[in-house]
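Undergrad: Could you have a look at this structure, given as structure tokens, before my questions?
Please treat every number below as a calculation from the coordinates, not as lab data. It should be emphasised that the depicted structure is a prediction, and the values quoted were computed from it without experimental measurement. Backbone-built Cβ (ideal geometry, glycine too); neighbour counts: all protein chains shown.
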Amino acid sequence: MYQPVPASSQAPGLSQALAWLVGILFLTVSVLLFFLGRTPAWHGLVNNIAINFLAIMVEALPFMLIGALAGGLIEVFVPVAWIEKMFHRHRTRSVLLAGTMGLFFPVCECAIIPVVRRLLGKGIPLAAALTFLLAGPIVNVIVAFSTAVAYNYDWVVVAVRLGSGYCIAVCIGLLLGRWFNRDNGILPEWRNSGAASCGHQSCAHDRNNSGALADRVRHALGHACDDFFSVGFYLVIGAFIAALVRSITPMDIFSHLLANPEQAIVLMMIMAMLLNLCSEADAFIAASFRGVLPGSAQMAFMVLGPMLDVKLLLMYFSVFRKRLIIALSLSVFIVVLLWMIGLQTFFPALLL
């Protein structure tokens, strides 16, 4: 029978003291806003915050659930031997392959963390895991279709977005893979491959993959529940921060930046980090800036957001060590910035 993960193995990467502090602060601000919302002066703002928070959660939770279910299925049905065969022969090839995994696991950034956690538990190399983490929410068929719809089936925009996401993810995966490994990059509970990584004494998925299908499905659902609730803590906090930003930031403040692409790129990257949009919906927001902001700024918004935003940054603490999170955040921001400036400089016609 499935046994829940012990509390010690579910501990997030943040210290318990910091996790308690963040939770208490979140509850305090929520209660304060609740009472402020009953006053006429704050009623409109608090309503906007509440609506935006619910919109983000409703948008993210289904994909978060999909990712948790995918992670549980990977934990139970994907054997370590298959992971080793696919990813351990050559580091560069494993990174190139990981960049295309989103075509087979089409999840957005709201759902990517549970999948990556289970893949790491199965023994996937860190460089490949980082590449999939960054590329998966962009290089997938659902995002391609939503981007095509948002840009009136302009397939050049779709190709530039997916191609940029793939190339940037591969570059960062190869780069960070030279400096970090499973020992100094990820939390201890996700280092060991095989059945030991799941934290359940009764689970022996890789020792015996011929058990009853019903039992294995039950184990997969149990693992999915563990992932959903442990990562969901960070999603709620990130969604609340994003709701605050959406409610107090007017979207028309960027209208004067059409003639200054570099500033527009930087500001749209900051907005992408703060708004926490789903990668399967952010193209519609980016497309609303056509004729207002340069195409490179719109592309920066669509590429950086699925790789690095507030909720993702918080969820990274459930998998990675702080040093890796800092290196990942800085490298993603810098590489995306340089990539978009390069597109604006050398291929401006692609982004009209």
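Undergrad: Packing-wise, with mean Cβ within 10 Å as the measure, how do 275-284, 148-157, 113-122 rank, highest first? Before the final figure, lay out the partial values.
TA: Numbers: 275-284: 23.2, 148-157: 15.6, 113-122: 27.3.
Ranked by mean Cβ neighbours within 10 Å, highest first: 113-122, 275-284, 148-157.
Undergrad: Now for a separate question. Based on the Cβ-Cβ distance from Phe26 to Asn184, what FRET efficiency comes out when R0 is 45 Å, to the nearest 0.05? Provide the component values of the computation, followed by the final result.
TA: On the way: r = 31 Å, r/R0 = 0.68.
Given R0 = 45 Å and the Cβ-Cβ separation, E is 0.90.
Undergrad: Which peptide among 291-298, 126-133, 37-44, 98-105 comes first, and what is the full order, when sorted by highest mean count of other Cβ atoms within 10 Å?
TA: Values: 291-298: 22.1, 126-133: 26.6, 37-44: 10.5, 98-105: 20.0.
In descending order of packing, they fall as 126-133, 291-298, 98-105, 37-44.
Undergrad: Also: With Cβ to Cβ distances under 11 Å as the rule, what net charge do the other residues near Leu133 carry (K, R +1; D, E -1)?
TA: Values: positive: Arg117; negative: Glu109.
Local charge sum for Leu133: 0.
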